[in-house]
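Inspection log for the structure reproduced underneath, given as structure tokens.
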Amino acid sequence: MESGAFAFSIWHGVLAVLAVIVPLVAVYLENSGLRSSRLSLFQWLMVLYLAVAAVFHLVELTIDTPTADLAALVAGIAATFPFFQRMVRRARDAGWGKTLPFLAAIPGVGVVVLVILLVVPTEK
């Protein structure tokens, strides 16, 4: 195998599974009964996006090794846990249950769900 070529390992599979399981577990475990406003969800989205982007950028600038990249990816996946819990709280505030946040764990569908949760007003 030539140097620089991408090699799929078991760890890539494990990370792919974790990227789907972590949000599902976060949605399942959110039973606090709390609600979250549209603004609060948007703030969480921005903080999460900036924090994960900063971690990935710092890793690229300082320690450009596969292990560091893996650690940054794991940190990114772990950061989705509190965000998906906030999505459940926002769905509850909009008058829906956990179904919509469960659908958000599907790649590609999550963006649509997020836009819906950011646009729909609070249930009166």
In the range 6-108, taking the dipole from +1 charges on Lys and Arg beta carbons and -1 charges on Asp and Glu beta carbons about the Cα centre, the listed residue (42, 10, 32) farthest towards the positive end is 32
Which residue, 17, 74, 113, has the most motion in a Gaussian network model of the chain that connects Cα atoms within less than 10 Å? 17
For the range 51-124, take the alpha-carbon Rg, divide it by the Kirkwood Rh, and send me Rg/Rh. 1.13
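Counting only chymotrypsin sites (Phe, Trp or Tyr not before Pro) that sit in a DSSP loop (anything but H, G, I, E, B) with at most 15 other Cβ atoms within 10 Å, what is the longest stretch of the chain containing none of them? Present the calculation step by step, with values, prior to reporting the outcome.
Working: sites that count: 6, 8.
It works out to 9-124.
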Orientation-averaged projected area, Cα convex hull of the chain (nm²): 8.5
Helix 66-93 against the longest principal axis of the chain: what's the angle in degrees, Cα atoms only, rounded to the nearest 10? 10
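All of the numbers you see were taken from the coordinates with simple rules; none came from a lab. A quick note: this is a predicted structure, and the numbers were derived from the prediction, not measured. Positions of Cβ are generated from backbone atoms using ideal geometry, with glycine treated the same way; all protein chains shown enter the neighbour counts.
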